[in-house]
Amino acid sequence: MSTDPANAADAAADAGPPERSLDPDDWERFRALGHRVFDDLTDYLKSVSERPVWQPLPADARALFRQSLPLEGSGDAAVYDEVRRLVLPFPTGNIHPRFWSWVGGTGTPTQVLADMVISAMNSCSLGFDEAASSHIELQLLDWLKALLGFPADASGLLVSGGSMANLVGLAVARTRATPYDVRDTGVDIAEYPRLVYYASAELHSSVRKAIELLGLGSQSLHTVPVRDDYTIDPDALREAIRSDRESGRLPACIIGNAGTVNTGACDPLDELADVAEQEDLWLHVDGAFGAFLRLSPRHRGLAAGLERADSLAFDLHKWLYVQYNCGGVLVRGARLHRETFSVLPSYLRKLERGLASGPLNFSEYGVQLSRSFHALRAWMALKSAGARRYAEQIAQNVDQAAYLDAIIGRHSSLQRLAPTAMNIVNFRYYDATLDEDRLNDLNAEILMQLHERGIAAPSSTELRGRFSIRVAICNHRSRRADFEALVDGVVRIGHELRRRR
Ligand SMILES: *Cc1c(COP(=O)(O)O)cnc(C)c1O
């Protein structure tokens, strides 16, 4: 290269404007802002119970969310100020002790620390990248296999949530059942019998979605009636399999529930495993939240047989109190699992040494390629608190459900709508002078007012035509007094509404 100063000046002119990055211009100001954010968030979590569980978005927040894309930036400090004023006060509410909607998980402060590390490292978590993230995910999966009773040679993967975990498990079942190369031809019902997947009528909507996405069609889903306790009727299942075989269809997979979304009912998984063995079917268990009952020695009997599943879907972001998003799937049969998903282009090839020499390519076991390093959250949380603490928290939630169930049982204005099997309670305000339609309207109004007044946030469902106030407890912050406040709120609002009509 020439050292002539005139040439160097020409080169500088040719290089164009100065190169930049998206890093802060002033790292010390960034550090100071970061400390402020962290202080605010610590206060925010510490004082969560002093705020209403939910509050509506005010006009200035709605206006902020309608602003168009800024072409010029206003800087981290100004944007954070807007977030602090107009975003942070309006969460879904699942960090609050009185949140029991859907199957919302709580998260823990430890994982806020993990999130900073995850974000700073920003690993791609491909698995074949030789990086801490690959090894930590595999270690976490090994821990989960041990916790959930799966063999060490089972394959597994962290995914976005239970929906994706169900899709993965049900896809492997399709590979196993099709007598042809379904990845090559697609589902072929012209030449081959239609596959049938069995699940109870209480199945989660994501199971139906997965069956549709797998190209099987919802006609391939045979829903089996449930008994009074909302568990699958095994005799009806056997009969369904027999009649499908008779009419030339090909039974492929039984989907068992370890905790139905409506009532927390656990199907008789041991019996389903027996049927699957006798009929040579795949057993997939949707254990989105209920799988973690296995941690509690006192309660694991409720989900007995779970460990016999061929594939198991679970959500760490529900009853393992992991921050969103984090679900997982375990598969007994790594070969079949890999056969279902493996596509290895040259640009994703593992090498013998260097960056691309990591343990395995996670994309061969699922749908996603690039993923966040979400394994670190669960890993840090489990190491920090220990599995025993987690088991205690889960047991505490089951005990709280029983406590709430008992208070409801003693109250003349309340009625249970389903047996309380684990951590879900269904009930309604009851008045014998009202017909079912009026009771449904009244209870919907009670629920909306519970939310609007910021008292508590259960969700709703419909059980045998009845509108139910549904309390799903995956919340380590709830206390017995919170459930008492819920019951008081329901009764008070119910009485008020009755007086007004
Ligand atoms: C929540 C849930 C799912 C879906 O899980 P996501 O993490 O929301 O995708 C599936 N099955 C059951 C029983 C669930 O409770």
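The values are calculated or read from the model by the stated rules, or taken from the named source; none is laboratory data. These numbers were taken from a predicted model, which means no experiment stands behind them. Here Cβ is always computed from backbone atoms with ideal geometry, including for glycine, and neighbour counts include all displayed protein chains. Please note that ligands, DNA and RNA were not included when accessible areas were found on the heavy atoms of the full protein model with its side chains. Shrake-Rupley method; radii C 1.70, N 1.55, O 1.52, S 1.80 Å.
What the table shows:
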item	result
HN-Hα J in Hz across region 267-280 - Karplus 6.51, -1.76, 1.60, θ = phi - 60°, x for Gly and Pro	4, x, 5, 4, 5, 5, 5, 4, 4, 4, 5, 4, 9, 6
Neighbourhood charge, 11 Å Cβ-Cβ cut-off, centred on PRO24 and excluding it, Lys, Arg +1 and Asp, Glu -1	-3
For region 450-501 versus region 103-144, the gap between their alpha-carbon centres in whole angstrom	35
FRET efficiency estimate (nearest 0.05) - Cβ-Cβ, ARG298 to SER49, R0 25 angstrom	0.35
Violating pairs (Cα-Cα greater than 20 angstrom) within the set LYS145/LYS383; LYS145/LYS318; LYS145/LYS350	LYS145/LYS350
For the chain, the longest site-free run once GluC sites (Glu not before Pro) in DSSP loop states with at most 13 other Cβ atoms within 10 Å are removed	192-351
Computed helical MRE - 222 nm, the chain, DSSP H runs ≥ 4 contributing -39500 (n - 2.57), nearest 500	-13500 deg cm²/dmol
Heavy atoms of TYR324 accessible to a 1.4 Å probe, total area in Å² rounded to 10	100
Loop sites in region 165-220: chymotrypsin sites (Phe, Trp or Tyr not before Pro), DSSP, at most 16 other Cβ within 10 Å	TYR180
Rounded Å value of the spacing that divides the Cα centres of region 79-101 and region 431-449	30
Per residue value of the accessible surface for the chain (all protein chains in place, 1.4 Å probe), Å²	48
LEU69 accessible area, assembled protein chains, probe 1.4 Å, Å²	140
Karplus 3J(HN,Hα) series, Hz, for region 74-86 with 6.51 cos²θ - 1.76 cosθ + 1.60 (x for Gly, Pro)	9, x, 4, 5, 5, 5, 4, 4, 5, 4, 4, 7, 10
Projected area averaged over orientations for the chain, convex hull of C-alpha atoms, nm²	31.3
Fraction of accessible area attributable to carbon and sulfur, the chain (%, probe 1.4 Å)	52
Karplus-derived HN-Hα couplings along region 359-370 (A = 6.51, B = -1.76, C = 1.60, θ = phi - 60°), whole Hz, x at Gly and Pro	x, 7, 9, 4, 5, 6, 10, x, 8, 7, 9, 6
DSSP-assigned coil residues among trypsin sites (Lys or Arg not before Pro) in region 291-346, each with at most 14 further Cβ atoms within 10 Å	ARG298
Alpha-carbon centroid distance for the pair region 218-274 / region 342-406, whole angstrom	29
